[in-house]
1. Kindly establish whether Thr40 is in a helix (DSSP H, G or I) and either surrounded by 11 or more Cβ atoms within 10 Å (Cβ to Cβ) or in contact with a His (Cβ under 8 Å, 6 or more places away or on another chain) (or both).
2. With respect to Asn126, is the statement that it is in contact (Cβ under 8 Å) with a residue 60 or more places away in the chain, open to solvent by less than 50 Å² (accessible area, probe 1.4 Å) and not aliphatic (A, V, I, L, M) true?
3. So Ala328 passes all but one of these: (1) surrounded by fewer than 21 Cβ atoms within 10 Å (Cβ to Cβ); (2) touching a Gly at 6+ places or on another chain (Cβ under 9 Å). Which condition number does it fail?
4. Just to be sure I understand the filter: pairs with C-beta atoms under 8 Å, separated by 6 or more residues or on different chains, first member in region 441-457 and under 12 Å from Ser187 (Cβ atoms), second member surrounded by 17 or more Cβ atoms within 10 Å (Cβ to Cβ) and among the hydrophobic types (A, V, I, L, M, F, W, C). Which pairs pass?
5. For Phe230, indicate whether it is at pLDDT below 95, surrounded by 21 or more Cβ atoms within 10 Å (Cβ to Cβ), in a helix (DSSP H, G or I) and not basic (Lys, Arg).
6. Give the residue that is farthest from Lys179 (Cα to Cα), with candidates limited to residues of region 112-123 that are of a type in the set (A, V, I, L, M, F, W, C) and surrounded by 22 or more Cβ atoms within 10 Å (Cβ to Cβ).
7. How about region 453-484: which of its residues are touching a strand residue (DSSP E or B) at 6+ places or on another chain (Cβ under 6 Å) and part of a loop (DSSP other than H, G, I, E, B)?
8. Just for region 146-170: of the residues that are closer than 12 Å to Pro109 by Cβ and of a type in the set (D, E, K, R), which one is surrounded by the fewest Cβ atoms within 10 Å (Cβ to Cβ)?
Amino acid sequence: MTIAPKAPRRLTMKQRYEALTRDLDWDPSYVAREDVFPHTEFEGIKIHDWSKWEDPFRLTVDAYTKYQAEKDKRLYAVLDGFAQSQGHLSLTEASYLNAMKLFLQGVTPLEYQAHRNFAYLARHLNGPGPRFAALCQSIDEMRHTQTEIHTLSNYNKYYGGFHNYLQQHDRVWYLSVPKSFFDDALSAGPFEFLIAIGFSFEYLLTNLLFVPFMSGASFNGDLPTMTFGFSAQSDESRHMTLGLEAIKFLLEQDEANVPIVQAWIDKWFWRGYRVTGLVAQMLDYMLPRKVMSWKEAFELYFEEQMMKGLFEDLAFYGITPPRHVEDAIGEKEILSHQVYWVLYQFSHAAAFTTSVPDEEHQQWLAETYPDTFERYYKPLWDKERKNIEAGGRHFVRGLPQLCQVCQIPMAFTEPGDPTTICQRESVHNGETFQTCSNGCQWIFEREPEKYVQAWLPVHQIYQGNCGGPTLPDVLQWYGLEEGDGGEYKGSLDDRNWTQWHDAADHSHIGSEA
């Protein structure tokens, strides 16, 4: 009598995941482990047991690629249909594309930067769990870069300002704001990078960008942008969970890690918050049809979800809400107005156009910001309307002073006083440096050796490093073309969109007849 062999035991999903990821790790035998992974010690973080890393999404490579391929099929079907049906004429108006230009120039290159550094983490983190998680996020970020380029390239066929976005990202003055954020993160150590991106960029910035803004894209007839936004957001949820797991893992490994992580949270909250100023003005000023104000988005995604959710969870580990958070909350009534006013005055040196809010838009702003708009900002627009009626559209011909840290022109105001410009001074090695806020000053004085090296566009122009001394010289060096920036009304984009839209309407009427 022969006994039949037992059927092989089927592995659980967790066991199968660990067999295909963690069980592929090995201990080096002829090279010291610190020589294989030299980059995870200099920041002062203490890790005692890498196996304690809990993977928030247990994906294997085959499951991951099938999942992403399905999303890509749906996205590219939308892109093809939109392009073939002249979908750009379904937009509310061409001024909406100013926000998309800013997105392509400012956000898409950051996705690629994230791809590069998560690939670096996938090599240099000691534990197999975080290495594989970083590898998946690296692929995610590359996919986001590609889908955003493919989505927005359709608009480049018809409208200006979308061309040469990589050169613009490296050179144009307002794009130094998001670029400096990532330069700061990329030049940090691996653990600080995890906090900078997993916490600040993913949890704070993309929540405020991808969810309300992509809803705004749908509301303004931009189906492709809405589709890639929500396609990416399903990845961002995994990225946010990875960032939160990284924070908890570090805090649970050793009590000595707590003050280090707290300082990183303090720093990267403020750095990320300053970048959201670009998002704030996009929501309140660049969307012809409004879906959610900056104040509403900030209250929902930051005050409700982060302050009452994330930081209540982290309090267990001894983490407190970020330093200077009250300054940020105090600015929710004024941030978008201050940032858009800067962009309005300097859009002649930009790849997008700006315009005075019309009566309906100003009424919405007054109802949304009843305590600030009519008192502080409506007078600016009333004065500017008179300037335009007299033939004097307002552009600043000089160069603004920039914050040494966030690199935004010094336009923010003192906490609690929207009438007084906030300006902080710090001295390092006998030289005085300017910052725009308590938050940026604290960041500068914590690491002055890093921020004194900042590539400030205004300083570079004055030093003759940006193509020449005149505005046309600088714009040529930027790679901008005539008509890309300035006033929207009567711009090339406005004229083309109106002409094409009218022709499509007349063609439709004729076909019905």
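1. On the way: in a helix (DSSP H, G or I): no; either surrounded by 11 or more Cβ atoms within 10 Å (Cβ to Cβ) or in contact with a His (Cβ under 8 Å, 6 or more places away or on another chain) (or both): yes.
No: the conditions fail for Thr40.
2. Details: in contact (Cβ under 8 Å) with a residue 60 or more places away in the chain: yes; open to solvent by less than 50 Å² (accessible area, probe 1.4 Å): yes; not aliphatic (A, V, I, L, M): yes.
Judged against the criteria, Asn126 is a match.
3. (1)
4. The qualifying pairs are Tyr451/Val405; Tyr451/Phe433; Tyr451/Ile443; Tyr451/Phe444; Ala454/Val405.
5. Values: at pLDDT below 95: yes; surrounded by 21 or more Cβ atoms within 10 Å (Cβ to Cβ): no; in a helix (DSSP H, G or I): yes; not basic (Lys, Arg): yes.
So Phe230 fails the test.
6. Within region 112-123, the first condition is being of a type in the set (A, V, I, L, M, F, W, C), and the residues that meet it are 114, 118-119, 121-122.
Restricting the remaining residues to those that are surrounded by 22 or more Cβ atoms within 10 Å (Cβ to Cβ) gives 114, 118, 121.
On the way: Ala114: 12, Phe118: 17, Leu121: 20 Å.
Out of the qualifying residues, it is Leu121.
7. Taking region 453-484 first, the residues touching a strand residue (DSSP E or B) at 6+ places or on another chain (Cβ under 6 Å) are 456, 458.
Of everything in region 453-484, just one residue is touching a strand residue (DSSP E or B) at 6+ places or on another chain (Cβ under 6 Å) and part of a loop (DSSP other than H, G, I, E, B), namely Leu456.
8. Asp170
The values are calculated or read from the model by the stated rules, or taken from the named source; none is laboratory data. As the structure is a prediction and not an experimental result, all values here were calculated from the model. Backbone-built Cβ (ideal geometry, glycine too); neighbour counts: all protein chains shown. Surface accessibility is based on the protein's heavy atoms, side chains included, excluding ligands, DNA and RNA. Shrake-Rupley method; radii C 1.70, N 1.55, O 1.52, S 1.80 Å.
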